[in-house]
Amino acid sequence: MNKRLFVGNLPYRVEENDLQELFSQAGSVESVRVMRDVETGRARGFAFVEMASEQDAERATTQFNQFPYEGRKLTVNEARPMPERRVANGGGATRRQESRW
C-alpha cells in the first residue's frame, strides 16, 4: 500500500491540524494537505494525508474509512496518481501527467 491516503467527504471547515490530530491516532503523520478552492480558499471536501509508513497507512485506512466525523462518514483509501489527460497547447493537444500533490 502507498503511504499517501485520499481522505474524502470532509466538512468544508476542516483544517490541516484537525486531520493531523485525527490520523496521528493510527500512526505517525508526515504531511496533510487539505485541497482548497483557488478563489475562495474554502476546503473542497477532500485532502491527502501522508503517513510515515505503509503499515501506518493501512492502519489509518482500516480505522478511518467510514469513520463518523462531524456528521459525515469519511472516505479513506490509497491515493492514486491522476490519470493522464489531454490539455490544449497552442492549438494542438498534448498529453501531460499531473500530480495531485
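Throughout, read-outs are computed from the coordinates displayed, never taken from laboratory work. In this text the structure is predicted, and so the values were computed from the model without any measurement. Every residue, glycine as well, gets a Cβ built from its backbone with ideal geometry; the counts of neighbours run over all protein chains shown.
General observations
- Calculated FRET value between GLU15 and ARG86, using beta carbons and R₀ = 30 Å, to 0.05: 0.30
- For the chain, the 222 nm mean residue ellipticity estimated from helices alone, with every DSSP H stretch of n ≥ 4 adding -39500 (n - 2.57) and the total spread over all residues, rounds to -5500 deg cm²/dmol.
- Folded to 0 to 90 degrees: helix 54-64 orientation relative to the chain principal axis, Cα: 70
- Difference of contour (0.36 nm per residue) and Cα-Cα distance, GLU70 to SER28: 12.8 nm
- With the convex hull drawn around the C-alpha atoms of the chain, the volume per residue stands at 106 Å³.
- Charge tally in the Cβ shell below 15 Å around ARG59, where Lys, Arg are +1 and Asp, Glu are -1, ARG59 excluded: -4
- Residues of the stretch 17-51 with amide N under 15 Å of the 7 Å Cα→Cβ point at GLU78: 51
- Converting phi to 3J(HN,Hα) with the Karplus coefficients 6.51, -1.76 and 1.60 and the offset θ = phi - 60°, the stretch 4-15 yields 8, 10, 8, 10, x, 6, 7, x, 5, 9, 5, 10 Hz in sequence order, with x at every glycine or proline.
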